[in-house]
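Presented below is the structure to which this report refers.
The values are calculated or read from the model by the stated rules, or taken from the named source; none is laboratory data. The model shown is predicted, which means the values in this text are computed figures rather than measured ones. As a convention, Cβ positions derive from the backbone with ideal geometry for all residues, glycine included, and neighbour counts pool all protein chains shown.
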């Protein structure tokens with residue numbers, strides 16, 4: 001199963017070690033699915049995870065951020081290419097997730113973003129909340 005994690009899901013998983021986003025990250029690290037990402041998604045993830053406010057929230061585990069970014073690069077699957085998804089979602093910053101879904105033939109985009117979730121699916125990729133995805137993993 002090929003899966004995309006929205007940046008907000010990763011951030012939530014880093015902050016709260018017990019919620020659905022953290023459980024999904026753990027399941028990925030246990031090799032329950034393949035994480036796919038694009039160069040643009042990695043840039044955004046590195047930018048957001050290196051913001052000072054997040055480091056303050058993770059003071060108890062400062063190595064988590066570099067370790068996670070390394071895991072994405074080593075264990076995740078980088079997809080490259082171009083596909084025009086302009087105008088498919090309200091926020092242009094969310095287009096990178098749709099592009100990754102098409103280019104990487106993703107099965108799921110996991111997101112808490114209402115704009116993405118309102119689509120339900122995009123070109124065969126289901127868009128679900130972290131809690132919904134955990135249910136998928138359990139079945």
request  = Could you grab me the full set of residues in region 120-136 that are surrounded by 14 or more Cβ atoms within 10 Å (Cβ to Cβ) and in a helix (DSSP H, G or I)?
outcome  = 130, 131, 132, 133, 134, 136
remark   = Of (1) touching a residue at least 60 places away in the same chain (Cβ under 8 Å); (2) more than 23 Å from residue 2 (Cβ to Cβ), residue 23 fails just (2)
remark   = Scanning region 9-28 residue by residue, those at pLDDT 95 or above and over 15 Å from residue 67 (Cα atoms) turn out to be 9, 20, 21, 23, 24, 27
query = When the residues of region 13-27 are filtered to those that are surrounded by fewer than 19 Cβ atoms within 10 Å (Cβ to Cβ) and in contact with a helix residue (DSSP H, G or I) (Cβ under 7 Å, 6 or more places away or on another chain), which remaining residue is farthest from residue 51 (Cα to Cα)?
reply = 27
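So that you can scan it fast, the table gives a plain yes or no per residue for (1) without any contact (Cβ under 8 Å) to a residue 40 or more places away in the chain; (2) farther than 21 Å from residue 1 by Cα:
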{"residue": "41", "(1), (2)": "no, no"}
{"residue": "57", "(1), (2)": "no, yes"}
{"residue": "66", "(1), (2)": "yes, yes"}
{"residue": "78", "(1), (2)": "no, no"}
{"residue": "106", "(1), (2)": "no, no"}
{"residue": "110", "(1), (2)": "no, no"}
{"residue": "113", "(1), (2)": "no, yes"}
{"residue": "117", "(1), (2)": "yes, no"}
{"residue": "131", "(1), (2)": "no, no"}
request  = Examine region 55-67 for a residue that is touching a strand residue (DSSP E or B) at 6+ places or on another chain (Cβ under 9 Å), more than 16 Å from residue 13 (Cβ to Cβ) and loosely packed, with under 14 Cβ neighbours inside 10 Å, and state whether such a residue exists.
outcome  = no
note = Per the filter on region 26-44, residues over 9 Å from the mean Cα position of the chain (by Cα), part of a helix (DSSP H, G or I) and under 21 Å from residue 101 (Cα atoms) are 27, 28, 29, 39, 40, 42, 43, 44
